[in-house]
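K.L.:
Below is the structure I would like to discuss, written out as structure tokens.
The values are calculated or read from the model by the stated rules, or taken from the named source; none is laboratory data. Quick caveat: nothing in here was measured; it's all calculated off a predicted structure. Every residue, glycine as well, gets a Cβ built from its backbone with ideal geometry; the counts of neighbours run over all protein chains shown. Heads up: the accessible areas ignore ligands, DNA and RNA and are worked out on the full protein's heavy atoms, side chains in. Shrake-Rupley method; radii C 1.70, N 1.55, O 1.52, S 1.80 Å.
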Amino acid sequence: MKTIWFHTASVGEFNTAKPLLKKLIKDYRIVLTYFSPRAKDYIKRYPEYYHSLERLPLDTPFTVRSFEKKIQAHAILIMEREFWPSFILFTKAKKVLLNAYAKGGIYERFISRKFDLIITKSDRDRERYESYGCKKVVSCGNLKFLFEERQIKEMKKGDFKLFVAGSTHNGEEKILIEAFGELKKRHPDLRLLIAPRHISRSQEIANKVKGFRCFLRSRQEGKEWDILILDTLGELFDVYALADAAFVGGTLVPVGGHNLLEPAYHGKPVLFGPFTQKVRDMAEYLLQKGAGFVVSRAEDIIRVADGILSGRISYNRVDISQESERIMSCYYSNIRDML
């Protein structure tokens, strides 16, 4: 069985890669590497997606070559933008860049030519990488469109309406809490759940909440709440299933956005801000399907969320399974042909 060295730096990249890993592991030995300590703790909970889990070696020519020889890598698959110079320049196996997007710049132009295959999120990204003179570039779509068939963790919601704000960043919570204050007046049974992108900020966010019963998820212990801060890993996707409306963060501030499709997977209306450069294809898809709404400030959130909760604003439930199947087939067939 051929060995694939598959690198996912973070929790987010690992979650994005899981459906592809699930398919690859049937035919290949997977050695998965990570970078962040947080990623290690999380990935260790999912050993069914790899045969061996290792930290990415120190980025020197000797250490990356030694690791490659030790695991006898036939190919190296790298998620998104892990452009470590020694990792890419001094390893000998064929290299594939997955879910690639182009930012531009001299270093990107140089390092991308070292890949044997680049699979991009969009045609725009494909065209840019092709302009660099890369060996082979294919546009398959965004891996974040892929969702595993999974048993949704059963959670008890209670008899209230729920607005879920996921993957939020500093500057967004203030806007969301301001909007919630007005929405709560119009919908007294409404509650707000905030899941910060970085859970280390959970207590900081809770400390800023005034005038509402606010608790961390890990300390709520059955208490009545108006605002709940999700300070645990791995629950947000399941929590979206309980939402009456959802907001996805990194979009009201210039971060570029996170996975807009997670709420849509559960048939929920998705609110997001104007900063969607990292998830442009998802934003366009949801807007085209009538399942997404662009909001730029608290007043927009109030107007759209109130309309949805009151039934005055309609939205479509999307089925992304067909697009998901196409993307998986495209990725897997191109990887298999290169190997």
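K.L.:
Apply the Kirkwood formula to the chain: the hydrodynamic radius equals the inverse of the mean of 1/r over all pairs of different alpha-carbon atoms; give it in Å with one decimal.
P.N.:
21.2
K.L.:
How large is the accessible surface per residue of the stretch 1-65, computed with a 1.4 Å probe and reported in Å² as a whole number?
P.N.:
46
K.L.:
Which of rounded, prolate or oblate describes the stretch 245-339 when judged by the alpha-carbon gyration tensor and an a/c cut-off of 1.5?
P.N.:
In terms of gyration-tensor shape, oblate.
K.L.:
With every protein chain kept in place and ligands, DNA and RNA left out, what is the accessible area per residue of the stretch 220-336? Probe 1.4 Å, answer in Å².
P.N.:
Ligands and nucleic acids excluded, the result is 40 Å² per residue.
K.L.:
Any chance you could give the angle, 0 to 90 degrees and rounded to 10, that helix 298-310 forms with the longest Cα principal axis of the chain?
P.N.:
On a 0 to 90 degree scale, this one is about 70.
K.L.:
Here's another thing I want to ask about it. Calculate the spin-label point distance for Lys69 paired with Thr232, positioning each point 7 Å from the Cα along the beta-carbon direction, and give it in nanometres.
P.N.:
4.7
K.L.:
Once amide H atoms are built 1.01 Å from N in the peptide plane, which residues 5 or more positions from Ser139, or in another chain, come under 5 Å H to H?
P.N.:
Thr120
K.L.:
Still on this model: Compute the accessible area per residue over the stretch 67-213, keeping the other protein chains in place, probe 1.4 Å, unit Å².
P.N.:
Heavy-atom SASA per residue in the stretch 67-213 reads 49 Å².
K.L.:
Say R0 is 35 Å: what FRET efficiency, to the nearest 0.05, do Ile313 and Ser200 get from their beta-carbon distance?
P.N.:
E(calc), rounded to 0.05, equals 0.50.
K.L.:
Sort by residue number and name the cysteines in the chain that have no neighbouring cysteine Cβ under 4.7 Å.
P.N.:
Cys134, Cys214
K.L.:
For an R0 of 45 angstrom, estimate the FRET efficiency from the Cβ-Cβ distance between Lys135 and Ser296 and round to the nearest 0.05.
P.N.:
0.65
K.L.:
Out of the total accessible area of the stretch 212-339 (probe 1.4 Å, heavy atoms of protein only), what percent is carbon and sulfur?
P.N.:
Using a 1.4 Å probe with all protein chains present, the stretch 212-339 comes out at 45 percent carbon and sulfur.
K.L.:
Okay, moving on. Using a probe of 1.4 angstrom, how much of the accessible area of the stretch 1-147 is carbon and sulfur, in percent?
P.N.:
Carbon and sulfur together cover 52 percent of it.
K.L.:
Next question. Evaluate 2.2 N^0.38 Å with N set to the residue count of the stretch 1-112, then give the Cα radius of gyration divided by it.
P.N.:
In units of the 2.2 N^0.38 Å rule of thumb, it is 1.01.
K.L.:
Also: Please give the net charge around Ser200, taking every other residue with its beta carbon less than 13 angstrom from that of Ser200, where Lys and Arg add +1 and Asp and Glu add -1.
P.N.:
For residues surrounding Ser200, the net value is +1.
K.L.:
Going by alpha carbons, how many degrees (0 to 90, nearest 10) lie between the helix axis of 61-71 and the longest principal axis of the chain?
P.N.:
Once rounded, one gets 90 degrees.
K.L.:
Now, a different point. With n ≥ 4 as the cut-off for DSSP H runs, can you work out [θ] at 222 nm for the chain, using -39500 (n - 2.57) per run divided by the number of residues, rounded to the nearest 500?
P.N.:
-10500 deg cm²/dmol
K.L.:
Here's a follow-up. Would you kindly find the accessible area of Arg297, with a 1.4 Å probe and non-protein molecules such as ligands, DNA and RNA excluded, rounding to the nearest 10 Å²?
P.N.:
Here the accessible area works out near 130 Å².
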